Structures are given as C-alpha cells and as structure tokens.
Amino acid sequence: MAQKEATVYIVDLGKSMGEKHNGREISDLDWALTYIWDKITTTISNERKTAMLAVVGLRTDGTLNALDNSDEDAYEHITVFKELGQALMPDVRRLKQQLVPSNTDVGDAISALVVAIHMITTVTKKLAYTRKIILVTNGNGSVDADGLDAITSKCKEDGIELVILGVDFDDPEYGVKEDNKNAVKDLVEECNGLYGTLGFAIDEMVIPRMKTVRPVHSYRGYLTLGDPENYDTAMAIDVERYPRIMVAKAPSASQFVVRPNMAPGETQSQFAPSDEDLKPSDLAAVKNARTYQVPDEEAPGGKRDVEQDELSRGFNYGSTVVPIEEADKNVTDFESKQGMDIIGFVVKDQYERYLDMSKTNVIIAQRTNEKAIMALSSFIRALYELDTYAVARLVPKDGKSPTMVLLAPSVDADAECLFEVELPFAEDLRSYRFPALDKIVTVSGKELKQHRFLPGDDLMDAMSDYVDAMDLSTFGEDDEGNPSEYATIEETFSPALHRVSQVIRSRAIWPDEKLPPVPEILVKYSNPPQELINNAKASLKAIATAGDVKKVQPKSKSKKGRRDVPKPLSGLDVTALLSAQGGTVKISPQNAVPEFRQLLDRGSHEDVESAFQQLGKIVRDLIRNSVGGSGYARALEATRVMREEATDLEVPDHYNEWMKKLKTEILKEELNGDRKDMWFMIRANRMGLIQSKECGASGAGVGEDEAKEFLSVRLSI
Amino acid sequence: MADYSNHNRGQEDEEDEEDIDETGYKTIKDAVLFAIDVSSTMLTKPPQQDSKKADRDTPTIAALKCAYSLMQQRIISNPNDMMGILLFGTEKSRFQDESTSSRGLSYPHCYLLTDLDVPGARDIKRLRDLVNDEDEANQLLRPSNDPVSMANVLFCANQIFTTKAPNFSSRRLFLVTDNDTPHNDDKALRSAAAVRAKDLYDLGVDIIYSAIPSDPDAPAPVTKASRASASGDGLTLLQSLLSNINSRSAPRRALFSNMAFEIGPGLKISIKGYIIIKRQEPARSSYVYTGGERPQLAVGSSTLQAEDTARSVEKVEIRKAYKFGGETVSFTPEEIAEIKSFGDPVLRIIGFKPLSMLPIWANYRPSTFIYPSEEDIIGSTRVFSALQQKLLKDQKMGLAWYIPRRNATPTLAAVIPGAERLDDDGVQVMPPGLWIHVLPFADDVRQIPDTSVVQAPDVLVDRMRMVVQQLQLPKAVYDPKKYPNPSLQWFYRILQALALEEDMPEKPDDKTLPRYRQIDKRAGEYVLDWGAELEEQYEIWKMANAGRHTATGATKRGSAAAGESGKRTKTVAEATSKSSDMISDEEMRKAFETNKINKLTVAVLKAWCKQKGIKLPTAAKKGDVVDEVTSHFENKMVL
C-alpha cells in the first residue's frame, strides 16, 4: 500500500506571468506549466484514488474559494479550479482551458497558501497523508507577511510540506521584489520546506522519477545449518527475504478496436454504448475468446469442437498423452517444506558471475529480533572476512519447488545483509562446445599458436591499450567532484519505461502535438563518452589495423551460377560418378532435393534453369497431391532449398517468378482446392520474394516494400 | 502437424510486439535415426572377463540399449524431437506401412524397427522388451546370409528423412557398425553407396559413424568414446556410445546471428548469441479429451473479439492504446514503432570496468553466451579473442548498450569474460567466450528494508568463522552438474511411470538436500561453541543497551538464534516467532512520530492493538489497522 497523498498546486496566473523573459520562447506561465503538468500527469499515471491533488489559481480575474466572504478582500482573486481529489482526463482538459494569464496582477500569495492549507485540512483531517503545497509564482504580486507565524505553525502541526518555486528568482536583473523573496524564503525555511527557482526545478525534471515500493517479504523463516529436527548441533536464525531487483515494466498498451459507426435509424439498442460521449475516440476493448478442438476424422475439416468442461488436464510423454485424473492432480507435485538450508560454502573469487540466474533478493534478520540480528551479523561478517559465499537450498513456502541460491555477505555501516542470487541446476545448463579462443587444435591434435583466427602480438597489445584507455572506473565524478565510477546502476534509467511514460503524458496534455524527442538522459549511455574515445583513438586505430576486420561483401560470397563442390575426405570424386550420366538429368520427386543440388553442381546454364523448373513443378505437385496438409512440409523444404540456392547463385528471378506464380495458383485455388494453409506456412517461414539486398546480384530488383506487399494475402497485380 | 511457427497468439502484449526473428527458417527440431548393423560379428558377445564392469552385451544389443535410454532421455528433454531405429543386415525386411509378412523388397535386409517420429510410450515399451527379452531379440536379430547393400541402407534412410522429417533444422543418421570397409571387393557397390551418401549430404543430413572396434588391438581414432570402449577400463560400450551421442548435441540454434558487436566507434565485429543457461521448467499441462477411444490432446485456438459486441476482430483492426486518467491515450502504429525504437540491434561497448565493480545483486535474468562469427565480418574471431584474453587476464568487464533484437527493450549489460573449463578427462564443460550479463536500471533496484544494526562482536564472528571453514563444497565451487532439480526429476519420474504403467516411485531422489550427518560431524562442535558465545554476547549487549531498549530487551527472552547446546535448540527456535511480533509502546510511539507506522507488519500492529484493547474487525486490512493505531495516538495527544 502506497502512502496516501494530498497535494495542492497554486499557480500564479497574474497578467505578468503571460510575459516572456530571459530569452525563452514561451511565456513564464507556460514555462511554469511544463513543470505543473509534469507533476500532475505523473500523479495521474499512478491511477490511484488515494493520490489526491487540487489546483488553485492565484491572481485570477474572478474569485472562487471557501474562505472568501464579502466582509474582507483578503481572499479575492484566488480561484479553486480543482478541489482535492483524484484527477482524471476531463480535469486535465478543463484545467488546460483555465490555466491562462488573467488581466490582473492583484492577489495575495500568502492568502492562497491559507486557502490551500484549509483545503488539505478539510479533506485529510488527521489521517495519514503526505501533505504538500507547491506554489509557482514570479513573485511580483503582493505578499502579505502578516500572520506568517500562524501559517508556519499550522504547516508544522499538520506535517504539510511547502515548496515554493520562483520564476527567475535567482536573476538579479529581474524585478522580483526583494521583500517578497525574503518573506517567502523565511516562510519556507520555517516550515522545513523547499525554496528554489523554477529553472532549477525544470532542470531536475529531466531526471526520471522512480516509484518507491514498500518492501514485502517473500520468505520468513529460518536460515539453518544442519537439521534442527534430528540433530542438536543445528543452527537456525530467524530471517526475512525481500526482493532486491524487480524489473520496473513500462506501461503496456491494451488492444482496442474502433467501434463501427452505426447509421442513424438502425436498431442499436443492445449495442449502444452508454458512456460514449465521454470518450474522445470510440474504442472498444478487445478480449481473447478461446475454443478447443480435437482431431476427429468424421467431422468436417477433421476437427471437432469440444467444450472446456469436457476436458481434463494431462501431459505429453513423447507422442503419448497421459491424462491426470482430477483426484490424482497432485501426483506430480514435489513435496517440500519451507526452509533455507545451507549446503556448504564456496570461495568468492571462483564464483563465475555468468551463473547468476534470476532476480536477486536480500536476506536480513527478523527485523525486531536483536538476537537474530546479532547472530546473522556474525554469519555475514564471517563470510565477509573469509571471502566466502554460502550455497543454500531455498523453499520459500511449503510445496514450492526448491531452488539453489548463493548467499553473499554485504557489510555496510548502516546495514548488514546477505544478497541472494539464484543458481542453476544441472538441467539448466546445456553443454554446447566451442573451440578454444587462444589456440587452434588441428585434426591431428597439434596446437597452433599462429592462425588467422588468433590475434597476433600487435593485436593483443593494441587491445590491451584500448581496454585500459577506455577505463570507466574513475571517469565519473562523485558529489564532491572526485573521480569515481562512471555509469553506476543508480545513474542509469530504463529508456523504454520512461520513454513510454513520457509520450503518454505528453499526448494526454497536448493531443495534437507530435511525439516529444527522447530525453537525453535516457540515451546517455548508448555510446561511449566522447572524451574517453578521444583519448583512445590511437589504440582503436591500432586494433583496426592489426585486426584487419573486413565486411564480407555480398558479392564475394556468391559465384554467379557456380557452386563450390565439397570434397569428401576419401578424395573420392562423387561428382564425377554422378555426372557420368550426361544429357539432361531428370529430378525424381522421391529424391528431389539431393538431385536438385547435384544438377546445380554440374553448373551449366541450362542445367541450372532446368533444375529450378523441375523442382518448381515437384513442389506444385506436392501441394496438389497433398491430403490435407500432409505434403506441405516437404513442399516447404524444397521451396527453402530453391530460395537458398537462388540467392546463393545470384539467380533470384528463377525463384521470384516461380514464387509469384505459385502464390496466384494457391490463392485462386488452382492446386486442387483450398491450399491457403500452405500460403500461411510460406509466409510464416519467410519464403517470400528474394530481395535485392539479400542477393548480391546487380539489378535483381525486388525492393523491401514489394517483398513485404507480396507476403500479404491479397492478390496484387 | 502444420508448423506455422509464428502463430502463437495470446502471449503478452510486449512479446507480441517484438519482432521474432530468432525462429529462423526451419522448424527447430532434431531428427535422429539409428542405423544399427546386425551382422554375425555384431552379435558376438565380448570375451568373458573377470571384471564385473566388463561388457556382457553384444554390440548390437548395446547399441539398442543405448537407443533405448537415449529415447527415454530425449522424450523428456526434447519432447518435440523425432527418433527412429533402422536395423540392417537382418534376415527380415520391413519398411514404412509394409507388414512383416509381405516382405517388402524395396529395401531388402533393412528392418525399420521404429519409424522416425516423436516416440511414444508404446515405442519405448517395445524397445524395452526387445533389449530385456533374449528370445524376442534372437528372433529378430538374425543376420541375413546375403550381404546388405549399403547403397540401399543409405537410400532407405534418405527416404525416411525425406518423408518423415522434412524441413527439420537438424537431421542426423547414427551409423553403428563394426565394418569400416563395406563392399571392400566390389567397386560398383562401393560407388553406388558413395552416391547415396552424397544424396544424404545434399539433403542436409549429418552422418555420424560410430565405429565399434572389431579388433580391440587395432589403432582406433582418438576420440574419448572409442578410447574408453577399447580400453575396457570400466566404461561399458553402452556408456561410451551414449556419451558420444550426447556430446554431439550441437548448439540447437543461435539466439541471434551475426549481430554487430561494436567494440569502439567504427570497429564492429560480428557475433552469435547462444542460450546456454536457462531455467528448465516442467512441461506445462495441457487439456486432454478423454471422451474418445484414446486420450486426445485438445488444441486451443483463440480469436479476438470486441468486448462489447462479441464481434470477432481481425488483427489489422486492432489499435493499441494506453490507459490514462480513466481514459485511453492512443498512438498510430507508426508512432508506436517510433516510441519503441532505440536503434538497430547492437552490443556496443561504452567502456570497461574492473569485474569487482559488478555488484553481486545486479542481476535479474540468465546471461547470454556470445562467440565470434566470420560470416559477416572477416577477422571477428581474432579481435574477439584478443578482447576475451585481455578481459580474462585483467579480470575486467565491458559495459555495453545492448539491444538484442529489433524493437527489443534496450538495456545496459556487463560483458564478462568466460574461460574455457575442462573436466578431469579434458572434455570441455564450459566454452570459452564472453557472456552478456544484463544489468538492472536504477528503476529496478529495491531498497533494503530499514533495520537496526546489532553488530556481532569479534569473538562471535571468530566462532562462526570456524563453522564456515569446516564446510567447503568440493573444490570450493558450486558445480551445477551435481544438483539435478528435484522437483523436475520427480515430475518426470511420475510421468514416465504413468505413461509406461510402471510402479510409482515412493520417495524422490533429492540430491539438493544438505548432508546433515556430515555437517553434524564436521561442524557440530563449532556450532555449539558459537551458540554458547551468542548467548553470552547477547546478554552483554542487552546490559549495555538496557537504557535505550528496556522494553524490547525485556520481552525478547528466548529469541531466535538457536544452536545452543543441548536439546533446547528446537524449542528455542519455535518459541521465537511469537515474541517477535511484540513491539513496545515506545517503539510504536516512535513509529508514529516518524510516520513509520505503515512500515510495521500487520502481525505486529495487530498484536499491539490486542494488547491495548483496541478492537479491530476480523477482516481488517492493513490500512484500517494503521488508521486505528494512528488515531489512537492522535486522540491520546489531544487528551
């Protein structure tokens, strides 16, 4: 549960706020509003009823507030535009109309504060709220300093935080009344509030704000060493486990569909959406409807619908289906008892960080149990002094699957804890093998130290210099300006998360504007810092020279119409055996792919053309003779081989022309009925036209758009 | 059977939006066909040896046993992969759809024991009977008098692959025979066989030849498998075959291919990424229809419908919108694309740091292994190698901007060097390369909950150090291979027992349980010492802090940290949870004054309310309890 909030924004709308200053292209008010809107939309995006806000205008033409009475003029020119409560889009639209400069400069800032305090007190009473008043002004209205003491004591008593932001308060050229400034400053200081210039606040705004989440424990129990059930020598310490890393996800889009516009007069009683006029765009939510089918040879289409309640649960054992009766449904569950059991200890330096599996957690001793805190402290410190990690078996709750975790000590002046990292099981590792990178082993077992895959000394030296020159460990600056680590985790913000939230808020306030640019801070770490690169230029160049990396030219990959024929180890010339036949070779449907390739190997122009023609026909026959989808996979394989070879041999037309024809034949149902499923397979496997960028051939012109268009189901010209 | 690989609907929005180009062209499946020679030499039992471990089976039976256990393994680890077994040189012949009696002569002396397909319980049972029942084996495994033509065998395999496993990314033929020079005296047959072998090559089938040394003294190729089988040092033929086959599990697919790895501005090499570490989850349960003759799998399909009218909706009609302030904020598809785009897929180094600057908690998903590729950029391997060696030597890491796929969420990543690791036999267990270890952003880091620090005095730490030093794991490292996932193993044990109608196992074999007896034996005494010291030190601490913490100290008797001498351990441990929920008035007041009441747990708050006689509704939510406690203090203040 997040803390309840009540925030009142007081916006100075005096006539003078409509002026432009300090070379800014927008008026002081609009400048102030960039700040206000940012704050308000951030609150709205939390979608919480308990995040309440109010907006009060100061120095407005009219007057509307609870304290105004006809006897005194103290509260005139103060207008409450929005009472304290959750803000929604209609409020935003209304406020946008209302927050414009007035025709007056009359109105008292302190009175506005009293109005705001009154609003907060009325609504929040004595309940637990975070109370806050934010006043933005250019400070040249009146500030009636009488009764400031009462305000400060009230603020203190109710725990109201006061933030006052002045437009250009720091600029001596600008005519802020010195008295006002001092009065305000004193006030804020008395209330432990914040006082600053708007410019500074807007600069701060670019630093993304982070949501704080109240920690919720995910395990509460013992950290044990040994078995307390059966041994007297077991250790058990009360601990709690909290998440350390939880990925903050960007808001996700929902799917909608535009409501069909119904012609007037049509009966639409059951369709008419009730609150339509509230929605600016007529979007209807989209849901997923799920149906289940089982194969049934007698049913049309070979499939029959079944209701979900006719189905039971089960698993696949290879091609055998093993149903699990409702009564036995727990039979596959592994019984486990909650606990965090230490298995043993490992040396810190030998732990490979690439074994880290999942989100990390933090383990602390039970929070109100000093003895447990002391006990865990001894454990943490012992690990720390020995440069050791513990390995434990964790079952967070009875019945959950056990996981293996690493427990690493963290010792700090104000916190001692264990960080918990999940470790892989045997099944989680795949053994893929790769050749060594520092030597080449030949077939005969000889080790080579010089090879085109191995770096020479010059490359090693250049790389070493480069890595050293690009060192980030002292490139940053700490608060005191001393060299420190660059790009620490605390300084990096999720680009996707903040970008999405930025554009949503921007679009909500300014629906007709284009997308705002990506804030610099989100992409700050997408490139190396320029200064560092300047220092490393020489070594980088040395790597390029010594490494001699070259892009493989699409041209050089292929050999127009020719193939390199692989040679078997035995030295037997199989091609000679094959081509002994002479004449035009006929490809048999049974052995189509090998014979197609072998025909291409013969390399003459006519052979190549004939090969494509023959295999093309075989594919069509496979589709035509297919019972249901039985022949589609083979057809697809042959298609793929044709596409690969056509690309490789730079003869894209052989493929593209054929493919165009095939598409027409399928969609016009000329291949013995409805073969659309075949077309979907072609599409899903990206067997469309060969694009000129895929194929080095000059002039083989199928562009990206044409290729994309081709894959659509429509039959185009 | 259709494989529209991209037709997974109903996934999370985000996943749906990301371009899935990792699926590649072919279906990512593997088909393995065993071709096992049934000749008189293959049916000869090895000479009797005294050693119990020595081979007792004929090479053919050993090969079948190997296929049997491989089938059992793969049915679980690779449930979509196909397997088949072809015997050749048999007296009988059988091919697809031909009954044994019709003596299909298309491939004489080839006997298709199990057709290439996803194996089922029936196949396994049949194979089990064959390898366990000598009579049945003798009937089938009878060598023919005429020699079998290798060309026929190979073409038979070709046809099996062509019809049963078209468009598979990996098709492998394991040829198990002791005859490495077939048709030695017939050139025509030899040529024909070579042609058929070339066919298989052109079809994209890998032929893997598993040699059975016919003469134990003959020099064998120096692979681990054959060496082990030849030397007969306890490893049986079966095991060596199995390890040979398992070791050929090629990287199934690259997570990404030829991605740009930008080491510095203007210096790009190309890399491939592989998933080597990934949590293996048990198979998801599916819906099964049991109304028919056999249980059938029900296939679910979902359609999109408009929520208000239940009208079905085409994908092109879908608009994406974000909820905001009670309404929706929408963007055009072009704008959505622009928002998501942070540039092309890349791994771009922005600098280097010592590995020690990578906090131990900075992780949330498994790392990706990368290895250089020469396909796009020549010279990638040597530059990559230089970087890997430098980072290893200096124990440094790269910091990189990382976009794994088009429109994927950009992250920062540590590029960590990984050294090649070999086992005792010199077989690689960890490949050499670099690892992309994705880092969390500031947004993802949760704060450590506030606690009071009660630092353990040095004497107590010393005691604990003694305990820790007794219990190092072997070689002081965590070796994942020694810890199979107990719940996963149990799941498959049960599933296998159900499918094969075997007896249900009673107790799981759990290798992750601590070895309690060892722990007691080696560290027990030291734990007791530590427990006694803790009692003492805690009493001292309590005295010293009596002024500040009176209430706490007094109610805290018999607190949690157990391990004390004698049989009290258990009781003490249990006594704790009760008392720990108590909190003193002073602490509560302090919490009220610092506005931290809502930081306390419900249990603590409720316990306190009960003590104060504040009535709470039974179903009180935390917010209600917090309000009650707050108002208690507020009212009291007024009084």
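No lab work stands behind these numbers, since they all come straight from the coordinates. Because the structure is a prediction, the values reported are computed rather than measured. Backbone-built Cβ (ideal geometry, glycine too); neighbour counts: all protein chains shown.
Before moving on, here are some points about what is shown:
- With the biggest extent put first, the Cα atoms of chain A measure 114, 85, 72 Å across the principal axes.
- Counting only Cβ charges, +1 for Lys and Arg and -1 for Asp and Glu, the dipole size of segment A:586-625 around its Cα centre is about 200 debye.
- Cα extents of segment A:364-430 along the three principal axes, largest first (Å): 41, 29, 15
- Counting only DSSP beta bridges whose two residues both lie in chain A, roughly 65 percent are antiparallel.
- Residue-averaged beta-carbon neighbours from other chains (10 angstrom radius) around A:385-395: 4
- Descending Cα extents along the principal axes, segment A:5-205, whole Å: 45, 37, 35
- Taking a sphere under 9 Å around the Cβ of B:T114 and counting the other residues whose Cβ falls inside, with K and R at +1 and D and E at -1, yields a net charge of -2.
- Peptide-level mean, for B:429-437, of C-beta atoms on other protein chains within 10 Å: 4
- R0 of 41 Å, Cβ-Cβ distance B:D146-B:S356: FRET efficiency to nearest 0.05: 0.05
- Helix-derived mean residue ellipticity, 222 nm - over chain A, DSSP H n ≥ 4, -39500 (n - 2.57), to 500: -10000 deg cm²/dmol
- For segment B:515-533, the residues whose amide N sits under 18 Å from a probe point set 7 Å from the Cα of B:V459 along the beta carbon direction are B:526-533.
- Share of pairwise Cα separations in segment A:574-710, more than 21 Å, in percent: 43 percent
- Scanning chain A for cysteines with no neighbouring cysteine C-beta under 4.7 angstrom from their C-beta gives A:C417, A:C695.
- Dipole of segment A:218-433 computed with +1 at Lys/Arg Cβ and -1 at Asp/Glu Cβ about the Cα centre; of A:P243, A:G339, A:S401, farthest Cα towards the positive end is A:P243.
- Residues A:H498, A:H654, ranked from the fewest to the most other C-beta atoms within 10 Å, line up as A:H654, A:H498.
- Exposure proxy order (Cβ contacts within 10 Å, fewest to most) of A:W37, B:W435: A:W37, B:W435
- The ranking of B:H632, A:H451 from fewest to most other beta carbons within 10 Å of each one's beta carbon is A:H451, B:H632.
- For residues of B:498-507, the mean tally of beta carbons on other chains within 10 Å: 2
- For GluC sites (Glu not before Pro), the sites in segment A:476-539 that DSSP calls loop and that have at most 12 other Cβ atoms within 10 Å are A:E480, A:E513.
- Chain A, relative contact order in percent, only Cα pairs under 8 angstrom and at least six apart counted: 7 percent
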